[in-house]
Each structure stands twice: as structure tokens, then as C-alpha cells.
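Let me begin by presenting the structure, written as C-alpha cells, before commenting on it.
Derivation of every value follows stated rules applied to the coordinates shown; laboratory data play no part. Since the model is a prediction, treat every value here as computed from it, not as a measurement. Virtual Cβ from ideal backbone geometry, glycine too; neighbours counted across all protein chains shown.
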Amino acid sequence: MYFKITHSAIYNWKGSGTERERNDPSLMDSFCHLIIAHEATTENIWVLLIDQGEDTGIATSNCIEYIIPRICEEFTLEISNLRAFEVWPHHKYDPKLKYTEIVISDVKFDNDGDRVLHNSWKPVEKQDARILEQIIETVGDKVIREEL
């Protein structure tokens, strides 16, 4: 597989990412390193969310349910062509969970009109883990590699 990296930067949000929470300055900021890679021979898009910050390796909320739809809107991505992954560089409990695939079941709207993704997670297959490592290596020094 060949990929074209179309985006690589820190991605910020507040709270779990809803419009209301993004506009509330009292909430703590959250961030990850976002990489968007387009597979060259298909229309598949791989979205990598690389965990960053002081609480790296600790899942604190399911902000994915709001972040993925917002990323799709912002970058004009089709959710049906999307493979999304969370990367936990310093996973504290199980190294097998360094890479997890976000399994998207559907997208609906919440009471505030924000799109909400319904999802689950699964560990990635070995071949996909190698591809993720290659994508991250291609991006290189742009990915924050925080030492704990």
C-alpha cells in the first residue's frame, strides 16, 4: 500500500469536543497529533490520532465520538471511506494496545445538534500496525515523541 500524507499537525479541542464545550474557556484543553493519510489505490483514508500530553496512555473519555465527525467536516472526509486509529505511544497497561482501531458503527445527532459517532475499539492486526508505524516514521520529527 502507498499513502499520501495530507495532514500532520497538533489537533486541539476542549472537553469532549462538542460545539458548546469548545466555546467554554473554563474547560481544559486536550490535544493529539493528527495525521491524515490517503491510500493511493483506493479511496480509503486513514486517520491517526496520536495521544499526547501529561495524561498520555490513560483513556479519560470517549472524545472520539465528537472528534472524528468534526475532523471529517473540517477536512471534507467521507466517514464511509475512513479507517481511524488511536495511537498510544506510552500505553501504561498493555503494549498490545499501542495501536487501536476505532470501529465505527453509525453517526447520529445529539440533543445539541452535534454529530455523534457510535464506536468501539479493537487492537489492530499486525500488518496494519506495521503500516501505522511506517506512516508515523514518514511524518518523522513532526510527531511529538514525549519521554516519560
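Worth pointing out:
- Built amide H within the under 5 Å cut-off of N44, gap 5+: E39
- For F3, F85, order by how many other beta-carbon atoms lie within 10 Å, fewest first: F3, F85
- Label-point gap, in nm, between E137 and N111 - each point 7 angstrom along Cα→Cβ: 4.9 nm
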